[in-house]
Amino acid sequence: MNCEESQKLMHQYLDGDASEEEAQLLREHLHACPDCQQHYQELKQTESLLSGAAYELSAPAAFTDSVMAKLPKEKKRVGYMRWFRTHPVLTAAAVFFLFMFTSVFSAWNNDASVSVSKQEGLIVENDLVIVPEGVTVEGDLVVENGDLDIRGEVDGDVTILNGDLLKGAGAEANMAAADNITGEYQEIDQMFGWLWFHMKQAFTF
Amino acid sequence: MENIIKHHIKNVKKGDQAAFEEIVSFYQNKVYHIVFRMIGDTYEAQDIAQEAFIRAYTNIHSFDENRKFSTWLYRIATNLSIDRLRKKKPDYHLDAEVKGTEGLDMYSQLAADQALPEEEVQNMELQSNIHKEILSLPPKYRGVIVLRFLDDLSLAEIGEILDLPLGTVKTRIHRGRELLRKKLRHV
């Protein structure tokens, strides 16, 4: 090995790039060549000076605060847009609920006229639905936006949305009214009860 | 540590500005180190190091989380430093002298304040000399030498930061080390 090759190998060795075999050849050469030995010692010294110097520096005081103060302020709108971009499923869900609730609200507000499930023998007077005396209504009875007066009998469930079960002709009759229903009786006045009822309807029919 | 940093980066991407503070505070010394060694002047180095973090923040969405954040950040810092050096190239040699003394000022200010023992004063002079000699290297060798001794970066990472092939990184380290050997052998 000549001195030029040796010097090249020194750098490879310092970079951790020399094989064991090459390292051995280098050691042998350095042993025999004082100039290269000197050269290698100087390189080693340079290395240790530089690596020592790497730990001497630290950023000026309050560096972090100063950076944080200079960061651009986030615009709210930008923040929302990024949120929508990064959460497509939630965005879709939010849009869905927005449409659903607007349609539900308009339905709740507009549905002022009385409606009743179609059964024979019922009398509808303005907002009052009457089951006349001596009449038996077969099947489930649903009254929406109106009151119900049962003078006869209902053979099934009764549901009143946004209305009352009238007491008919006095308290006695009222007691009788509840007895005249063979199925369950349900009165729904609250928004969410109403909503729930309609959702159940939608899924069962 | 890398995992904690990744967690903070996710939060920054979600718009949590405060999470970026942790990142700055963790990397500030290293970024400042790179820039100060490249540029020489403490005020200018502080300015560019801050700019590097601000760029990292504003471009955080282009950072690929599968890669190493430090590599990406150091790349921003070295690119900004190299740009600055290019702009002031004409008076570069005159500047280098002035810069060196500013580095010295920093150490001598400290020394005056705290009346340090002789040993430490000598160390500061030594550090100041090393700083001056690194600055006297042509910038292309300076970059690899500065990164080589920072943070145990591998040669491959240095290549990635400076956008250089591995062979070029090695050649530049060898040349830079030879140049410094001649300058530092009598220290």
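The values are calculated or read from the model by the stated rules, or taken from the named source; none is laboratory data. Computed from a predicted structure; not experimentally measured. Counting neighbours? That spans all protein chains shown, and the Cβs are built from the backbone with ideal geometry, glycine included. For the accessible areas, the whole protein counts, side chains as well, though only heavy atoms, and no ligand, DNA or RNA atoms are used. Shrake-Rupley method; radii C 1.70, N 1.55, O 1.52, S 1.80 Å.
Working from the Cα coordinates of segment A:3-53, the gyration tensor eigenvalues give, after taking √(5λ), semi-axes of 19, 14, 8 Å in decreasing order. Checking the cross-link pairs B:LYS140/B:LYS182; A:LYS70/B:LYS10; A:LYS8/B:LYS87; B:LYS68/B:LYS170; B:LYS14/B:LYS87; B:LYS10/B:LYS87 against a 24 Å limit on the alpha carbon distance flags A:LYS8/B:LYS87; B:LYS14/B:LYS87; B:LYS10/B:LYS87 as lying beyond it.
Gain on full extension, evaluated as 0.36 nm per residue between B:THR42 and B:LYS14 minus their Cα-Cα distance, stands at 6.7 nm.
Length available on full extension from A:GLN186 to A:ARG85: 0.36 nm per residue minus the Cα-Cα distance, which gives 31.8 nm. Simple spin-label estimate for A:GLU138 and B:LYS182 gives 11.4 nm between the two label positions (7 Å along the Cα-to-Cβ direction from each Cα). Placing unit charges on the Cβ atoms only, positive for Lys and Arg and negative for Asp and Glu, gives segment A:3-53 a dipole magnitude near 220 debye about its Cα centre. Dividing the radius of gyration of the alpha carbons in segment A:1-103 by their Kirkwood radius gives 1.54 for Rg/Rh. Calculation over all alpha carbon pairs of segment B:1-87 in 10 angstrom steps from 0 returns a P(r) of 18, 52, 25, 5 percent. At A:GLN37 and B:ASN123, where each label point lies 7 Å from the Cα along Cα→Cβ, what is the point-to-point distance in nanometres? Calculated label separation equals 3.2 nm. Inter-chain Cβ neighbour count for B:133-146, averaged per residue, equals 1 (cutoff 10 Å, partner chain atoms only). Using alpha carbons only, how many degrees (0 to 90, rounded to 10) separate the axis of helix B:2-13 from the longest principal axis of chain B? Between the helix axis and the principal axis of chain B, the angle is about 60 degrees.
Most tightly packed first, judged by the mean number of other beta-carbon atoms within 10 Å of their residues, the peptides B:44-55, B:151-162, A:10-21 read B:44-55, B:151-162, A:10-21.
The slack in the chain from A:ALA69 to A:PHE96, taken as 0.36 nm per residue of separation less the alpha-carbon distance, amounts to 5.7 nm.
What's the average, rounded to a whole number, of partner chain beta-carbon atoms within 10 Å of each residue's beta-carbon in B:180-187?
For this peptide, the per-residue mean of nearby foreign Cβ atoms is 5.
Taking 7 Å steps out from each Cα toward its Cβ at A:MET1 and B:ALA156 produces label points 2.6 nm apart. Atom-type composition of the exposed protein surface of chain B places 49 percent of the accessible area on carbon and sulfur (1.4 angstrom probe). The calculated FRET efficiency for A:GLN24 paired with B:GLU2, based on their beta-carbon distance and R0 = 41 Å, is about 0.65.
Restricting the calculation to Cα atoms, every distinct pair contributes to the Kirkwood radius of chain B, found to be 17.7 Å.
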